[in-house]
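Before any comments, here is the structure.
The values are calculated or read from the model by the stated rules, or taken from the named source; none is laboratory data. Predicted, not measured: the structure shown is a model, and the values here were computed from it. Every residue, glycine among them, receives a Cβ derived from its backbone with ideal geometry; neighbour counts consider all protein chains shown. Each accessible area value is taken on the protein alone, full model and side chains, heavy atoms only, with ligands, DNA and RNA left out. Shrake-Rupley method; radii C 1.70, N 1.55, O 1.52, S 1.80 Å.
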2 protein chains.
Amino acid sequence: MDAEAIRRSLEGSGLRCTPQRYAVMAFLMEQNRHSTAAEIFEAVNRVDPRSSRATTYNNLRDLVKAGLVRDVAVEGRAARFEAKGMRHHHFICDRCGKVEDIEWYDVPRPASGSIGKRVLRECELIFRGLCTKCAPARASRKVS
Amino acid sequence: MDAEAIRRSLEGSGLRCTPQRYAVMAFLMEQNRHSTAAEIFEAVNRVDPRSSRATTYNNLRDLVKAGLVRDVAVEGRAARFEAKGMRHHHFICDRCGKVEDIEWYDVPRPASGSIGKRVLRECELIFRGLCTKCAPARASRKVS
DNA sequence: TATCATATTAGATATAATCTAAATTATTGA
DNA sequence: TCAATAATTTAGATTATATCTAATATGATA
């Protein structure tokens with residue numbers, strides 16, 4: 001992962017490249033996953049410098065506001081965050097809550113009557129079901 | 001709204017038709033909206049008998065589990081609940097968090113390679129942008 | 001370097017949701 | 001009917017998630 005690229009994307013969005021903010025962004029870009037704030041907080045604190053919980057939340061909020069990170073809400077669970085990269089849809093596991101990417105493909109727009117006077121910014125597909133890990137364990141009740 | 005129909009749908013799902021549970025279900029069916037647990041709690045308590053917060057949450061969870069109600073997660077806000085009726089997609093307002101229905105239309109499935117060994121249960125479109133109320137107020141920062 | 005805006009921090013607070021254990025209500029079956 | 005059992009409700013405590021506060025530190029710039 002190119003540290004300069006991360007610095008440039010932060011500064012290009014008007015955000016200072018502080019060690020704590022860099023650590024959050026680098027973690028999200030390296031892990032190509034969807035992590036909760038708690039996971040990110042723990043991860044960035046495995047390396048120096050230490051970052052407080054408030055700073056982790058502040059930085060996540062700033063990164064979302066700057067459009068570099070996306071906040072994915074999951075029913076009954078903590079929000080998950082991902083670096084915005086290639087466009088994609090989402091798969092959410094009913095059983096363990098894991099969020100995974102599904103290759104992007106265009107979706108037909110709704111009839112303009114359905115949209116009315118709303119201002120449409122984006123559209124995303126959410127697929128639900130059981131992830132690869134949970135599918136075989138279907139019968140079981142507990143989440144591993 | 002037909003009280004007997006509500007009773008039948010509860011009992012058909014193996015749930016007793018208690019006054020508190022009925023009140024939650026009736027509220028969700030009458031209001032064709034997407035309400036937070038707090039709103040539902042307040043609404044069912046405007047009529048007798050009074051229901052506790054825990055009961056409201058318990059009943060919402062049971063209704064979701066029974067497939068009569070849907071839990072819609074919204075980034076940065078409390079979950080919203082809706083009675084499952086006609087199939088539809090969702091529009092979520094970036095500014096005020098309001099969830100609205102968008103007329104259903106079929107969505108092309110992803111390439112089977114993108115799904116892999118996952119078990120697909122359902123697929124929904126999420127549209128984002130500004131709702132009719134918020135669109136004209138775009139420049140303003142505060143939520144009414 | 002002095003100034004000033006931005007960022008970080010620990011800990012308090014707020015909000016959303018669940019848990020606990022006791023009491024209540026409904027259902028079943030003798 | 002009535003005892004036994006199961007489901008439901010309850011107030012209040014607790015947990016989980018997220019934000020706020022006010023003091024301090026840091027970085028940018030003139």
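Miscellaneous remarks
- Of all residues in segment A:28-42 being of a type in the set (A, V, I, L, M, F, W, C) and more than 14 Å from DNA strand C (Cβ to nearest atom), the one that is most open to solvent (accessible area, probe 1.4 Å): A:Met29
- Test result for B:Glu82, in contact with a helix residue (DSSP H, G or I) (Cβ under 8 Å, 6 or more places away or on another chain), surrounded by 15 or more Cβ atoms within 10 Å (Cβ to Cβ) and among the acidic types (Asp, Glu): yes
- Residue match in segment B:3-23 (condition: within 11 Å of DNA strand C (Cβ to nearest atom), within 14 Å of chain A (Cβ to nearest Cβ) and not basic (Lys, Arg)): no
- Candidates A:Ala79, A:Ala73, A:Ala111, A:Ala66: the one that is within 16 Å of DNA strand C (Cβ to nearest atom) and free of Cβ contacts under 8 Å to residues at least 24 places away in the same chain is A:Ala73.
- The criterion of being open to solvent by less than 40 Å² (accessible area, probe 1.4 Å) and more than 7 Å from chain B (Cβ to nearest Cβ) does not hold for A:Cys123.
- Residue count for segment A:43-62 under the criterion of being farther than 13 Å from A:Tyr22 by Cα, assigned to a loop (DSSP other than H, G, I, E, B) and more than 7 Å from DNA strand C (Cβ to nearest atom): the result is 1.
- Yes/no for A:Tyr105 being in the same structural domain as A:Val24 (by TED's automatic domain parsing), aromatic (Phe, Trp, Tyr) and modelled with pLDDT of 90 or more: no
- Filtered residue count, segment B:85-97, keeping only those that are open to solvent by 30 Å² or more (accessible area, probe 1.4 Å) and assigned to a loop (DSSP other than H, G, I, E, B): 6
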